[in-house]
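What follows is a single structure, written as structure tokens, with notes after it.
The values are calculated or read from the model by the stated rules, or taken from the named source; none is laboratory data. None of these values were measured; they are calculated from a predicted model. Cβ atoms come from the backbone with ideal geometry, glycine included; neighbour counts cover every protein chain shown.
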Amino acid sequence: MNDPAAFIRAHTAPTRAPLVPELRLFLASELTPLWQATEDWLAARNVDPPFWAFAWPGGQALARHVLDHAALVAGRRVLDFAAGCGIAAIACARAGAASVEASEIDTLARAAIAVNAAANRGAVTVAADVVGAPCRWDVILCGDVCYEAPMTGHILPWLRALAREATVIVADPGRAYLPRTGLAPFARYTVPTTLELEDRETREVTLYRLRADAAGP
């Protein structure tokens, strides 16, 4: 199969995330068949596992907050960093952001964002790797990005630099590599999840503002 968008539609179904029922997303209804299908794709194209096929707790919390507090993004330039299925980016478009960019390094994730944005008539620009880019945004949303030490170490200095010029929000459901300093919590959401993805049926997600005036993990 050479069409990533066709692959997305063939292995997902229109779904509404529990915390954000306003949005219609193409997500996996069963984990194992999609994972196996993606492994076949991976063998031929070196594609990552299908993290894009699920509305992860961090993204749901960001989307919910944006839809309930549209002033955060209305009229502003927004980046949804490591956007996954694009749920937060699409919420920003619906909330009246001046522009919305959703970045993902995974080819299929970028296709999924485009499919989901079109399903919701959301104006979202899809980008690849933006780490290290100069700030061109007013608000940067980061959902559940501190799940691995290498990932956190790679992105955190850049995000702290961006925080000198923009509002950087990190949504975290208790991952092990969340920085210990430089975070100011301001909201919390209980997000329904599935035992296929998590070790519990709900996750408590905290939204933090990232400060530029901190260093280290």
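Per-structure values
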| quantity | calculated |
| --- | --- |
| Residues located in region 61-78, provided they are assigned to a loop (DSSP other than H, G, I, E, B) and within 16 Å of the chain's Cα centre (by Cα) | Val73 |
| Some residue of region 143-151 being touching a Lys or Arg at 6+ places or on another chain (Cβ under 6 Å) and free of Cβ contacts under 8 Å to residues at least 40 places away in the same chain | yes |
| Single residue of Leu108, Leu162, Leu207, Leu183 found to be at pLDDT 95 or above, surrounded by 15 or more Cβ atoms within 10 Å (Cβ to Cβ) and closer than 25 Å to Leu23 by Cα | Leu207 |
| Complete set of residues in region 56-92 that are surrounded by fewer than 24 Cβ atoms within 10 Å (Cβ to Cβ) and without any contact (Cβ under 8 Å) to a residue 60 or more places away in the chain | Leu67, Asp68, His69, Ala70, Ala71, Ala74, Gly75 |
| Qualifying residue in region 147-158 (condition: touching a strand residue (DSSP E or B) at 6+ places or on another chain (Cβ under 7 Å) and either surrounded by fewer than 19 Cβ atoms within 10 Å (Cβ to Cβ) or modelled with pLDDT under 95 (or both)) | no |
| Where Thr190 falls short, out of the listed (1) assigned to a loop (DSSP other than H, G, I, E, B); (2) within 18 Å of the chain's Cα centre (by Cα); (3) of a type in the set (S, T, N, Q) | (1) |
| Hits in region 1-43 - residues which are within 25 Å of Val191 (Cα to Cα), small (Gly, Ala, Ser), at pLDDT 85 or above and over 17 Å from the mean Cα position of the chain (by Cα) | Ala13 |
| Only listed residue being over 20 Å from Glu104 (Cα atoms), touching a residue at least 24 places away in the same chain (Cβ under 8 Å) and not charged (D, E, K, R), chosen from Val130, Val139, Val124, Val191 | Val191 |
| Residue within region 125-136 that is out of contact with any helix residue (DSSP H, G or I) (no Cβ under 8 Å at 6 or more places or on another chain), surrounded by 17 or more Cβ atoms within 10 Å (Cβ to Cβ) and either aromatic (Phe, Trp, Tyr) or more than 18 Å from Gly84 (Cβ to Cβ) (or both) present | no |
| Flag for Arg160 being charged (D, E, K, R) and touching a residue at least 12 places away in the same chain (Cβ under 8 Å) | yes |
| Failed item, numbered, when Thr167 is tested on (1) modelled with pLDDT under 90; (2) more than 18 Å from Trp52 (Cα to Cα); (3) touching a helix residue (DSSP H, G or I) at 6+ places or on another chain (Cβ under 9 Å) | (1) |
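For (1) among the small types (Gly, Ala, Ser); (2) more than 13 Å from the chain's Cα centre (by Cα); (3) at pLDDT 95 or above; (4) not in a loop (DSSP other than H, G, I, E, B), each residue gets a yes or a no:
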residue	(1), (2), (3), (4)
Asp80	no, no, yes, yes
Asn116	no, no, yes, yes
Gly122	yes, yes, yes, no
Val131	no, yes, yes, no
